[in-house]
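A.B. asks: My questions will all concern the structure given below.
The values are calculated or read from the model by the stated rules, or taken from the named source; none is laboratory data. Predicted model, so just to flag it, every value in this text is computed and none were measured. All Cβ positions, glycine included, derive from the backbone under ideal geometry; neighbour counts span all protein chains shown.
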Amino acid sequence: MLQSAADCKSHPAKLSISDIHYINFSGESSGKLKNNTVVDLECSATCKNVTAQNINIAPKNGTVEQGNWVCVNIENGPTALNHACSTTPLKG
């Protein structure tokens, strides 16, 4: 069983994910992710045809600005997801 980032890095996934569509949902994040992050989509290999439409997730900390999205290895990330994305993976 892989239990750490180092384990995962030395045994990369061979699974390819595609055709995932997030549509019409809203809410508040758990507040468990750092840097006001509300969405964390991280694929080990490139995920294709992943889209997001009409997604409104507020940060837990009560700020009025939108939270941050992390989109790693998402084909056409910001364009496909209609949102600015950081491509830097979250760590711990």
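A.B. asks: It is to be established whether one or more residues within segment 1-10 are out of contact with any Gly (no Cβ under 7 Å at 6 or more places or on another chain), in a strand (DSSP E or B) and of a type outside the set (Phe, Trp, Tyr).
C.D. replies: Within segment 1-10 (the criterion being out of contact with any Gly (no Cβ under 7 Å at 6 or more places or on another chain), in a strand (DSSP E or B) and of a type outside the set (Phe, Trp, Tyr)), the answer is no, since none of the residues qualifies.
A.B. asks: Could you list, in sequence order, all residues of segment 1-26 that are at pLDDT 85 or above and surrounded by 10 or more Cβ atoms within 10 Å (Cβ to Cβ)?
C.D. replies: SER18, ILE20, HIS21, TYR22, PHE25
A.B. asks: Counting just the residues of segment 47-88 that are part of a strand (DSSP E or B) and over 13 Å from the mean Cα position of the chain (by Cα), which one comes out nearest to CYS8 (Cα to Cα)?
C.D. replies: Across segment 47-88, the extreme among qualifying residues is LYS48.
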